[in-house]
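Please treat every number below as a calculation from the coordinates, not as lab data. Every value quoted in this text rests on a predicted model; they were computed, and no experiment measured them. Positions of Cβ are generated from backbone atoms using ideal geometry, with glycine treated the same way; all protein chains shown enter the neighbour counts.
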Amino acid sequence: MEIKVLFVILISTILINNYVLSQMLGLCPFLGVSKKMDSALGMGLAVIFVMTMASFFTFLIYKYLLIPWHVTYLRTIAFILVIASLVQLVEMTIEKISPTLYQALGIFLPLITTNCAVLGVAVLNIETGFATKDLGMVMTVVQGFGAGIGFTIALLLMAGIRERLELADIPGNLKGMPISFITAGLLAIAFLGFSGMKI
Amino acid sequence: MDYLKEVIKGLWERNPILVLGIGLCPTLAVTTSVSNALWMALATTFVLICSNVLVSVIRNIVPSHIRIPIFITIIASFVIIVELTLKAFQPDVYQALGIFIPLIVVNCIILGRAEEFASRNSIFRSILDGLGMGLGFGGTLFILAFFRETLGANKLFGYTLIPGMKPATIMIIAPGAFFTLGLMLWAMNALKSRKRG
């Protein structure tokens, strides 16, 4: 039974409620880092990692620190500090343990602090009410992981299209940002198809 | 005149959304209706001005290597003030904007102005800069929301425009947001290149 619940959470965060294309979170990196396929992949991996970790730690902070002390209104400030220090920590750890991975992800990590999808997933985890459920912790981590995967899929799709758009013959004024937004709109329509999915 | 320039630059020349391309998430997500857009603009402008003032006040005593965490803490405190105020006095708005109120913290416009402007300029100039950027942000939000609400819901400020007409729902959901901003940027590019001649 639990496995089914987790699967539903995963599918719905990746496809049905895709963080970028249907909830419109994390648009700055989505448009900023989607010019090349390999940097998009690096950013995506870094986001999956940080989102999963951030979901886990913000859940712990919320359940065992903010709720017992009745200071749940400090949620925003607590979460953003947790995420910022987490990103810093992850950056230092990766630099020490695996310099090759650091080479690949390094430049994207500082950018993630201001990626609103990360704070978004932390806040949404709380608003879904996972903090009071039995298996809340597992669900939170799965939702964080799914959100990261969804973000990466959207980013990779966008990067693939934009690499080809570079060569396309379109009106000069439409080049760059405008056509990227219109492409994103078409992608969003495609993802709209998932919203009728019943699991 | 010099002071006026600080306000004006946020409106067009250095418009945060259209020129700098930052603060996109709230821009696209809350522009489903004009009133949502205006509330969002008001909340963001409040946080922007307040954090600019505070950052400008402490700009000479903050050690430079830990300035970013300090700025973020300042911004987050003002966001909490906005969040609690809206929850208490405007619960409908609080419901409608939902998750995008706490997300004002990670709106790059605010941290960007703190870092780029307020930490280097006097208090008065920082207030003007915050006001200008807030107006630029709000203006863009208003235009986007105007088109999306009239086309997508056949309404303006919640009042039905043409009774009996079926609206183009696509404009009110996610794809419509992308299309509207894309077309807006296109129009702006066209305007600029015509000016250059």
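Worth pointing out:
- Residue among B:THR85, B:THR31, B:THR140 with the largest mean-square fluctuation in a Gaussian network model of chain B, springs linking Cα atoms under 10 Å: B:THR85
- Dipole magnitude of chain A, debye to nearest 20 (Cβ charges: Lys/Arg +1, Asp/Glu -1, about Cα centre): 180
- Going from the residue with the fewest nearby Cβ atoms within 10 Å to the one with the most, B:ASP129, A:ASP38, A:ASP169 rank A:ASP169, A:ASP38, B:ASP129.
- The residues A:LEU165, A:LEU86, when put in order of fewest to most other Cβ atoms within 10 Å, stand as A:LEU165, A:LEU86.
- Charge dipole (debye, nearest 20) of the stretch B:2-145; +1 at Cβ of Lys and Arg, -1 at Cβ of Asp and Glu: 240
- Between A:GLY146, A:GLY129, A:GLY42, the Gaussian network model of chain A with springs among Cα atoms under 10 angstrom shows the greatest mean-square fluctuation at A:GLY129.
- Within the shell defined by Cβ-Cβ distances under 14 Å, the residues around A:GLY42 carry a net charge of 0, with Lys and Arg each +1 and Asp and Glu each -1.
- Dipole of the stretch B:2-145, positive direction: furthest Cα of B:THR32, B:LEU84, B:ALA96, with charges on the beta-carbon: B:LEU84
- Computed from Cα atoms, the angle from the helix A:2-11 axis to the main principal axis of chain A rounds to 30 degrees.
- Among B:ALA29, B:ALA88, B:ALA174: highest mean-square fluctuation, GNM of chain B, C-alpha pairs under 10 Å: B:ALA88
- Simple point charges give the picture: +1 on the Cβ of Lys and Arg, -1 on the Cβ of Asp and Glu, and for the protein assembly as shown a dipole about the Cα centre of about 620 debye.
- A Förster radius of 22 Å combined with the Cβ-Cβ distance from A:LEU135 to A:MET197 puts the calculated FRET efficiency at roughly 0.40.
- Whole-number percent relative contact order across chain B, with pairs defined as alpha carbons under 8 Å at least 6 apart: 35
- Expressed per residue, the C-alpha convex hull volume of the stretch A:48-175 stands at 138 Å³.
- Expressed in units of 2.2 N^0.38 Å, where N is the residue count, the Cα radius of gyration of the protein assembly as shown is 0.98.
- Ordered by the count of other Cβ atoms within 10 Å of each Cβ, fewest first, B:MET40, A:MET137 give A:MET137, B:MET40.
- Computed E for A:TYR73/A:GLU163 - FRET, C-beta separation, R0 41 angstrom, nearest 0.05: 0.35
- Ratio of the Cα radius of gyration of chain B to 2.2 N^0.38 Å, where N counts its residues: 1.09
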